[in-house]
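Here the structure is laid out as structure tokens; the discussion comes afterwards.
The values are calculated or read from the model by the stated rules, or taken from the named source; none is laboratory data. Everything numeric here is computed off the predicted structure, so don't read it as measured data. Note that we place each Cβ from the backbone using ideal geometry, even for glycine, and neighbour counts take in every protein chain shown. What goes into the accessible areas is simple: the full protein's heavy atoms, side chains included, and nothing from ligands, DNA or RNA. Shrake-Rupley method; radii C 1.70, N 1.55, O 1.52, S 1.80 Å.
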Amino acid sequence: MVFKKETLLGQALIDKKLISQQQLDAALKEQKKTGGFLGNVLVGLGYISQDGLLRVLAEQLGVEFVKLRHLNINPAIIEKVPAKFASHYKIIPIDLKDGVLTIAVTNPLDIHAMDDIKLILGFDTKPVLAGEDDIVEAIRKYYGIGAETLEKMMAGEEIREEAAGFDVGKSEDAEDMAQDASIIKFVNQIFLQAYRDRATDIHIEPYEDEMKVRYRIDGILYDTTIPPSIKHFQSAINSRIKIMANLNIAERRLPQDGRIRLKLAGEDLDLRVSILPTPFGESVDIRILSTGVKFSLESLGLLKRDQVLMEEIIKKPHGIVFVTGPTGSGKTTTLYACLNKINIRQKKIITIEDPIEYQIKGVTQIQVQPRIGLTFAQGLRSMLRHDPDIMMVGEVRDFETAEITIRVALTGHLVFSTLHTNDASGGVTRLLDMGIEPYLAASSVECFIAQRLVRVICSQCKKEVKPSKEVLRELGVEQIKDISKIKFYEGQGCDECKQTGYMGRTAIYEILFIDTDIRDLILARQPADKIKEKGIEKGMRTLRQDGWEKIKRGVTTPSEVLRVTEAEVIE
């Protein structure tokens, strides 16, 4: 935006006590060095908020200031302006009354743009001022990701059946379209928006009469606004993703898995692509992994006592540490953090994984490849001939892998692995169900660590609330003494957290240390609930109890802990 009378702007901001004379002088000094609009310099230096600046600008320009994120614009109004037009001029229509179209713009003084808008749309226009970021976000919200790109493609060429169909023999046309600049741009827009929204997965799902794109953010799937015309380019989009992942674009009947290395916003990303055939086309799932992630025990969300206990466990010379939980509960992150803590030059660490999610410097990592006979069990046998001190097995899935893992631990190695069980004590019965003898399990396993991921309350919109009696009863804490003195918090929803009330995730843990008493119960083939009772008696904190501690600390909410844990009474 260009605003020539900048001295008037500075004085107006001082008069309204939004900035001081010293701040204005500092901003003018900075402006001489860097150039640009004074208002942007003031915002960049943190002297004034974007909204505060725009309100004063609107007043000086004689137009209204609007906060787009607080408006609910009628879709019929949005349809008056094509997506490519809105995107080009960075405008968004917000109201139509008596033949006058109210349009939010970033620069009401741009007479040429106003004339173009009036000429092309055929309406008299009334400009109002809005922030550029707000307008860009509104365009994405109301038109959908890449709407202008799809609009150009729809207008620029007739859609061929080969590109829109699912079982056409000729794949060359889909491949040609996949190399088209517009398709490349659209796929990149999907990736970029997922990255900006902190998504961990992108789901592209075909149905009979529509195609959906969903992002998984903080463990929850959210629908993303996508123009309906995306259905016409389904095959071309899938082909583009296959080309990027180095997959066979002619194969549409069998599942395929691939990998894309991508740089977005200066960060290197590793995208894991999985493609499944469905009756209405191919469904695509893309897992987004950052290659620059730093793993540490301190960042896992462990309470102080549990962190000390964890550090003691991973320093043991031999034995097995099992991390348990369902898919997506953060088991791999915990294992990587443990390995990173003990990764020193004097130790040889080898892992066998499926897949290798992150590369760890100084650690030898092996990818399982069952098609050529490289299973977990086979890899474990080979790893032993490489003189390792510490080993990690991605997952113990069967008797053969479990037996070799235990024998490796008994021969003086420290082994980390995962199991799919609901809680820590369930890990014992899982091993016995696989056919492992109780004496082998009791003598080799050092501990079972169960975990879940809960969303963290957004710090920007965190407010104290009073939970209902029903929630407290369901959480099992209704009878706790002085519960009225405990403060509960929730996120109210803001622009920062995209109205969800949560920002990021942390883990809750249940650590079952295998001591003499627990070993006796394992040898006696006692059920999991008996082992759990003994663990609690000896100081083990259950998943829900650990969640309760994080609720009391204002980290998460009761509803989050209820979502990921099983019922129990907390004392």
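For the structure I just gave you, tell me whether His232 is under 26 Å from Thr506 (Cα atoms), in contact (Cβ under 8 Å) with a residue 12 or more places away in the chain and surrounded by 15 or more Cβ atoms within 10 Å (Cβ to Cβ). So His232 fails the test. Of the residues Ala265, Ala250, the single one that is of a type in the set (Gly, Ala, Ser), under 30 Å from Ile78 (Cβ atoms) and either at pLDDT below 95 or crowded, with 19+ Cβ neighbours inside 10 Å (or both) is Ala265. For Lys316, the criteria (1) within 29 Å of Thr421 (Cβ to Cβ); (2) free of Cβ contacts under 8 Å to residues at least 12 places away in the same chain; (3) basic (Lys, Arg) hold in every case but one, which is (2). When only residues in the stretch 101-120 that are touching a Phe, Trp or Tyr at 6+ places or on another chain (Cβ under 8 Å) and either assigned to a helix (DSSP H, G or I) or exposed (fewer than 12 other Cβ atoms within 10 Å of the Cβ) (or both) count, which is modelled with the lowest pLDDT? Going through the qualifying residues, I end up with Ala113.
Leu42 satisfies every condition listed in (1) over 33 Å from the mean Cα position of the chain (by Cα); (2) aliphatic (A, V, I, L, M); (3) over 18 Å from Thr102 (Cβ atoms); (4) in a helix (DSSP H, G or I) except (1).
If the condition is being open to solvent by 40 Å² or more (accessible area, probe 1.4 Å), charged (D, E, K, R) and not in a helix (DSSP H, G or I), then the stretch 429-479 contributes Glu437, Lys462, Lys463, Glu464, Lys466, Glu478.
When you scan the stretch 414-426, do you find a residue that is over 30 Å from Arg563 (Cβ atoms), acidic (Asp, Glu) and not in a helix (DSSP H, G or I), even just one? No: zero hits.
Is there a residue in the stretch 277-290 that is in a strand (DSSP E or B), among the charged types (D, E, K, R) and open to solvent by 20 Å² or more (accessible area, probe 1.4 Å)? There is at least one residue in the stretch 277-290 that is in a strand (DSSP E or B), among the charged types (D, E, K, R) and open to solvent by 20 Å² or more (accessible area, probe 1.4 Å).
Going by what's in this entry, would Lys498 be described as open to solvent by 10 Å² or more (accessible area, probe 1.4 Å) and more than 18 Å from the chain's Cα centre (by Cα)?
So Lys498 fails the test.
Pairs linking a residue in the stretch 381-399 that is touching a residue at least 40 places away in the same chain (Cβ under 8 Å) to a residue that is of a type in the set (Phe, Trp, Tyr) and part of a strand (DSSP E or B), with Cβ atoms under 9 Å and 6 or more positions apart or on different chains, are Ile390/Phe416; Met391/Phe416; Met392/Phe416; Val393/Phe416; Val396/Phe322.
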